[in-house]
Amino acid sequence: MSIRTGVLVGLVAALTAGCSLAGNDTHDGPSTVTLVTHDSFAAPQQVLDAFKQQTGITINVVKKGDAGALTNALVLTKANPIGDAAYGVDSTFASRALSEGVFAPYTSPEADRGPQRYAVDSEHRLSAVDVGDVCVNIDTTWFAAHGVPEPETYDDLVKPEYKDLAVVENPATSSPGLAFLLGTIARYGEQNWQNYWTRLKDNGVRTAAGWEEAYSQDFSGSSGKGPRPIVVSYASSPAAEIGDDGKPRTKALLDTCYRQVEYAGVLAGSPNADKAQKVIDFLLSQQFQATVADNMYVYPAREGVALPHTWTTAAPLPPNPASLPADAVQAGRERWIEQWRSLLGQ
């Protein structure tokens, strides 16, 4: 039995043995909760089945694109919700979802075990599930082979030696693209971020519609073996690029990271709110949180959850990521995106 399989069996055993979710491990019979989420959602079927066995609740997963597309779908359907709970609205879009009244208040009994560190709403309409900081990633093998020094900072990306080497995502259509834009605004301020992007454009940056295109097609460090060794991705991405020697082939530049937290909440107007609350408890539970690194390459929001051992060196959590206040993001997001489009000719 592998270490990972052994851990998973232990988690399932813990759930089926009656670990408390929402303070009550009894159920009134079978029911279904629709969880609306992003395309990257993944969880071991054994853990979902154990939750069903314990609570009688079947989780019906409905995927709606990335975090931006998910948020748009939830806002557009708020009068007639397309689910009972949602997971995957991140910190770049949370303020919009909250201002539109998408989520109902709910304080999970699991929320004080770490998720409270990332609270964005005094009404507790959103609970943090995971952290997925967005950072510039580089293909270290490419730089070694070409004798080019590895970049380390935002400023490095506009230097002549890195011309035509970087690919980023469109902030209008991509959650990591928006996080990277916000990171540059946090770094250079309202007065100077556009000047930085003008220099980045002049240095040959390529813009992809989304993360999948940028990472899997354009980035040389991925399985797609694209032409560009610099990409906007996640702090955890190098954990997916471990070579036969046990070492990562890529690296996240920790001085370029922007804090991105993914949240879950009960959808306002759901006729199944009591069961939806139990699903939120489940997403914050030790059992589910222990699966998120292996299955979604994100960091658990819950304290005390062990990460895969390779993450210690390949994908450490950035110690000082940039961030902007939620109200500043809400006030400036659409204006910044339009300014970016004008600058980049998108």
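The values are calculated or read from the model by the stated rules, or taken from the named source; none is laboratory data. Here the structure is a predicted model, which is why all the values come from computation and not from measurement. We place every Cβ from the backbone using ideal geometry, glycine too, and count neighbours over all the protein chains shown. For accessibility, only protein heavy atoms count, side chains too; no ligands or nucleic acids. Shrake-Rupley method; radii C 1.70, N 1.55, O 1.52, S 1.80 Å.
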Check your understanding: Taking H as built 1.01 Å from N, whose amide H comes closer than 5 Å to the amide H of Lys63, not counting residues under 5 places away?
Key -> Thr37
Review point. Longest span of the chain, sites excluded, free of GluC sites (Glu not before Pro) in DSSP loop with at most 16 other C-beta atoms within 10 Å?
Key: 153-302
**Study point:** For the range 183-191, Karplus couplings with θ = phi - 60° (6.51, -1.76, 1.60), whole Hz, Gly/Pro x
**Key:** x, 6, 5, 5, 6, 9, x, 4, 7
Review point. Tell me, what is the percent relative contact order of the range 35-111, built from C-alpha pairs under 8 Å that lie six or more residues apart?
Key: 36
Point to revise | Alpha carbon centroid spacing (whole Å) that separates the range 309-346 from the range 266-290 | key: 27
Check your understanding: Normalised by the residues of the range 127-273, what does the relative contact order come to in percent, with Cα pairs under 8 Å and at least six apart?
Key -> 41
**Study point:** Long pairs among Lys63/Lys247; Lys163/Lys225; Lys64/Lys201; Lys63/Lys225; Lys52/Lys78; Lys64/Lys251, criterion Cα-Cα beyond 23 Å
**Key:** Lys63/Lys247; Lys64/Lys201; Lys63/Lys225; Lys52/Lys78; Lys64/Lys251
Study note, to complete from the structure: quick note, the chain, DSSP beta bridge pairs, % antiparallel (nearest 5) is 60
Exercise for review: Keeping all protein chains in place, calculate the accessible area per residue for the chain (probe 1.4 angstrom), answer in Å².
Suggested key: 42
Exercise for review: Along each of the three principal axes of the Cα atoms of the range 154-216, give the extent in whole Å, ordering the values from largest to smallest.
Suggested key: 29, 26, 13
Review point. Over its Cα atoms, what ratio of radius of gyration to 2.2 N^0.38 Å does the range 259-346 give?
Key: 1.48
**Study point:** Value of relative contact order over the chain, rounded to a whole percent, pairs C-alpha under 8 Å and six or more apart
**Key:** 24
Check your understanding: For the range 190-299, taking Cα atoms only, what is the radius of gyration to one decimal and the Dmax to the nearest whole Å?
Key -> 18.8, 54
Review point. Measuring from the lowest to the highest alpha carbon on each principal axis, how far does the chain reach, largest first, in angstroms?
Key: 65, 48, 29
Practice item. Give me the percent of the accessible area of the range 60-185 that comes from carbon and sulfur atoms, probe 1.4 Å, all protein chains in place. Key: 51
